[in-house]
Amino acid sequence: MKDYIGFDIGGTKCAVIAAKADWENNRCKMIDREQIATESIPWQETLTHLADTAVRLIRENDIHPVSAGISCGGPLDSKTGIILSPPNLPGWDNVPVTEYLESRLGIPAYLQNDANACTIAEWKFGAGKNCNNLIFLTFGTGLGAGLILDGKLYEGTDGLSGEVGHIRLAETGPDGYGKAGSFEGFCSGGGIARLGKMMVEQAVKNGEKSVLYDFAVSGLTAKNIAEAAEKGDALAKRIYTVSAEKLGLGLSMLIDILNPQKIIIGSVFARSEHLFRNSMEQVIKKEALGISAKSCTIVPAMLADKIGDYAAIAAAWKGTI
């Protein structure tokens with residue numbers, strides 16, 4: 001097993017991970033990890049803190065990493081190693097992250113968008129083992145996808161493949177990815193919250209009762225809508241049914257176009273699979289090509305809350321192949 005250092009850079013927190021990995025046998029052993037808050041300070045200070053932490057973890061654990069990986073939300077340029085103004089990282093404009101970390105650590109560093117890095121992580125260490133054709137959907141705050149096609153990560157001409165959240169599924173609907181009625185608008189944590197707000201407003205006009213009215217002030221979230229659905233609230237269940245139906249529609253398109261063996265879905269779906277499964281499958285049965293749908297298994301992500309750590313290590317490996 002070889003040593004690696006990973007950096008998981010997010011809008012609220014960052015983590016530095018030390019690990020050993022054997023990619024041929026799909027094994028990864030986490031050695032050490034340290035997390036820091038992503039504060040509203042110049043990116044130079046954050047990167048310095050991350051590099052200092054990495055140097056210390058390498059020394060304390062007496063490891064010899066062959067490369068470093070950075071998993072970060074886009075937009076970014078993985079070829080040049082530059083972070084390009086992600087919306088969740090204000091002020092991170094044209095940040096030469098790989099150049100800086102290489103100069104500090106003395107090893108190659110590789111940048112990958114978080115959806116692709118998470119895809120590799122699930123492919124190698126999670127629910128996608130032994131699959132040559134798979135799709136990973138983030139289904140978190142937003143909706144992005146990573147594609148493993150014929151045993152390789154597919155990135156597209158500009159490294160922008162997998163932006164499925166931008167697909168419009170309906171003429172109207174909650175905004176997501178800057179587009180009303182988009183896949184992300186219906187199928188993301190933020191999208192479900194916005195869908196819930198729209199449906200609650202209509203329910204109020206219709207005089208319908210719902211515990212969701214209690215969240216009118218504090219704010220609707222995918223989580224509290226799911227909790228209400230669990231307790232039998234009719235409106236909450238209906239919100240998730242709408243999201244599930246649109247998920248089935250979006251997946252049907254991906255199944256027809258890419259004919260995957262497996263689709264792995266993270267975050268909101270992984271936590272509330274039972275609220276999606278039935279309605280999602282009914283739509284896929286109706287919309288997708290029968291042979292392709294039968295060949296495709298849809299499962300929740302396996303790595304759960306640890307996926308960001310594995311993704312950072314996956315980015316370190318991806319750059320070396």
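The values are calculated or read from the model by the stated rules, or taken from the named source; none is laboratory data. What you see is a predicted model; the values in this text were computed from it and never measured. Reconstructed Cβ throughout: ideal geometry from the backbone, glycine too, with neighbour counts over all protein chains shown. Heads up: the accessible areas ignore ligands, DNA and RNA and are worked out on the full protein's heavy atoms, side chains in. Shrake-Rupley method; radii C 1.70, N 1.55, O 1.52, S 1.80 Å.
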| said: Exactly one of these conditions fails for Asn61: (1) over 18 Å from Ala109 (Cβ atoms); (2) modelled with pLDDT of 90 or more; (3) of a type in the set (S, T, N, Q); (4) under 24 Å from the mean Cα position of the chain (by Cα). Give me its number. | reply: (4)
| request: Output the residues belonging to the stretch 193-222 that are open to solvent by 40 Å² or more (accessible area, probe 1.4 Å), of a type outside the set (Ser, Thr, Tyr) and closer than 15 Å to Ser243 by Cβ. | output: Arg194, Lys197, Met198
| message | Against the definition (at pLDDT 95 or above, exposed (fewer than 15 other Cβ atoms within 10 Å of the Cβ), among the hydrophobic types (A, V, I, L, M, F, W, C) and not in a strand (DSSP E or B)), how does Ile225 come out, yes or no? | response | no
| Restricted to the stretch 27-61, and to residues that are in a loop (DSSP other than H, G, I, E, B) and of a type outside the set (Asp, Glu), which residue is most open to solvent (accessible area, probe 1.4 Å)? | Ser40
| request: Taking Gly178 as the residue in question, decide whether it is farther than 25 Å from Gly250 by Cβ, surrounded by fewer than 16 Cβ atoms within 10 Å (Cβ to Cβ) and of a type in the set (Gly, Ala, Ser). | output: no
| request: Just give me the residues in the stretch 79-95 being assigned to a loop (DSSP other than H, G, I, E, B) and open to solvent by 40 Å² or more (accessible area, probe 1.4 Å), in sequence order. | output: Lys79, Thr80, Leu84, Ser85, Pro87, Asn88, Pro90, Gly91, Asp93, Asn94
| message | Here is a check on your reading of the model: is Ala234 more than 15 Å from Phe186 (Cα to Cα), at pLDDT 95 or above and hydrophobic (A, V, I, L, M, F, W, C)? | response | yes
| If you go through the stretch 197-214 one residue at a time, do you hit one that is within 26 Å of Ala115 (Cα to Cα), part of a helix (DSSP H, G or I) and either out of contact with any helix residue (DSSP H, G or I) (no Cβ under 7 Å at 6 or more places or on another chain) or not basic (Lys, Arg) (or both)? | no
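This table checks each residue for (1) closer than 14 Å to Leu137 by Cβ; (2) out of contact with any Phe, Trp or Tyr (no Cβ under 9 Å at 6 or more places or on another chain).
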| site | (1), (2) |
| --- | --- |
| Asp256 | no, yes |
| Pro260 | yes, yes |
| Ala270 | yes, no |
| Ala288 | no, yes |
| Lys318 | no, no |
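Among Lys179, Lys129, which is free of Cβ contacts under 8 Å to residues at least 24 places away in the same chain and under 20 Å from the mean Cα position of the chain (by Cα)? Show your work before the answer.
Details: Lys129 fails: free of Cβ contacts under 8 Å to residues at least 24 places away in the same chain.
Matching residue, one of Lys179, Lys129: Lys179.
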| Looking at the stretch 15-23, is at least one residue surrounded by fewer than 16 Cβ atoms within 10 Å (Cβ to Cβ) and either under 27 Å from Lys129 (Cα atoms) or at pLDDT 90 or above (or both)? | yes
| message | Yes or no: the stretch 109-119 includes at least one residue that is assigned to a loop (DSSP other than H, G, I, E, B) and either of a type in the set (Gly, Ala, Ser) or at pLDDT 95 or above (or both). | response | no
| query | Mind checking whether some residue in the stretch 134-156 is surrounded by 14 or more Cβ atoms within 10 Å (Cβ to Cβ), assigned to a helix (DSSP H, G or I) and touching a residue at least 40 places away in the same chain (Cβ under 8 Å)? | reply | no
| request: Could you please let me know if Glu99 is farther than 25 Å from Gly128 by Cα, in a strand (DSSP E or B) and at pLDDT 95 or above? | output: no
